[in-house]
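The values are calculated or read from the model by the stated rules, or taken from the named source; none is laboratory data. All figures in this text were calculated on a predicted structure; none of them were measured in a lab. So basically every Cβ, Gly included, is an ideal-geometry build from the backbone, and we count neighbours across all protein chains shown.
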Amino acid sequence: MRIRTIFTFLFFLLLSGSAVAMEASDNANSHPLPVGAAMPDLLLRGELSAEHLAHLGLKGPAPRHLSEINAKTVILVAFSMYCPHCQREAPALNDLNALIASRGLSEEVKLIGVGIGNSDFEVQVFRDKYATTFPLFSDPDFRVNKELGEVGTPFFYVLAMNPEKKEIRVVKTLLGRMESAESFFDQAMKACE
């Protein structure tokens, strides 16, 4: 009986340690969309500044569909303002957005965040606290997260946008924090080739 208790404890310790090792808040029900899969045309909700609307090529009031974003590639980050890993990742996300701009790819590559389980107010708190430089959408009722595969946070989807064929393809995924903005971006761009 005692050995069984020890093994049970070690098993749960191992499971919890894997989420910590990848620096993510994992979800036991997670079933992310695999590379090569079609991404649903997500309905994105939330308040955006005029600057962010223009950057994404969007007009008019929310909600908007993912397919309306004017880009060849969209890097979508599922985050939560309550996720400590997401909080630590916020400066690196700003670095990633700056890297996209510094390489002259702001028209082709767009970085967006979706606050999983977060209201507009909670997303605004995250936006203000971490001075995010990229558009953030809200997902208060987890609708978007269900379509994303109930992923843990942070979770990255790199998406190839093809408006002619009206399809969005997953080309890269990552659960957890980036090793660095530059290495992640280089891998993302290679996956889009």
* To do: Take Ile100 and decide whether it is at pLDDT 95 or above, in a strand (DSSP E or B) and over 16 Å from Cys86 (Cα atoms).
  => no
* Structure fact -> Filter the range 68-86 for residues that are assigned to a helix (DSSP H, G or I) and more than 14 Å from the chain's Cα centre (by Cα); the one that is modelled with the highest pLDDT is Pro84
* To do: Check the range 84-102 and report whether any residue there is surrounded by fewer than 21 Cβ atoms within 10 Å (Cβ to Cβ) and at positive phi.
  => no
* Asked: Would a scan of the range 157-170 turn up a residue that is touching a strand residue (DSSP E or B) at 6+ places or on another chain (Cβ under 8 Å) and more than 18 Å from Ala38 (Cα to Cα)?
  -> no
* Provide a single number: the residues in the range 9-39 that are modelled with pLDDT of 50 or more and among the aliphatic types (A, V, I, L, M). => 8
* Asked: Do you know which residues across the range 127-144 are under 19 Å from Asn27 (Cβ atoms) and surrounded by fewer than 22 Cβ atoms within 10 Å (Cβ to Cβ)?
  -> Pro140, Asp141, Phe142, Arg143
* Look at Ala90 and say whether it is over 22 Å from Pro40 (Cα atoms) and either over 14 Å from the mean Cα position of the chain (by Cα) or among the acidic types (Asp, Glu) (or both). => no
* Scan of the range 63-84 for residues that are touching a helix residue (DSSP H, G or I) at 6+ places or on another chain (Cβ under 9 Å) and over 15 Å from Tyr157 (Cβ atoms), ordered by number -> Arg64, Glu68, Asn70, Ser80, Met81, Tyr82, Cys83
* Asked: Since Glu89 meets every condition but one in (1) of a type in the set (Asp, Glu); (2) within 22 Å of Asp128 (Cβ to Cβ); (3) modelled with pLDDT under 95, which condition does it not meet?
  -> (3)
* Would you point out the residue of the range 146-183, among those that are of a type outside the set (Asp, Glu), surrounded by fewer than 19 Cβ atoms within 10 Å (Cβ to Cβ) and free of Cβ contacts under 8 Å to residues at least 40 places away in the same chain, that is farthest from Gly117 (Cα to Cα)? => Lys165
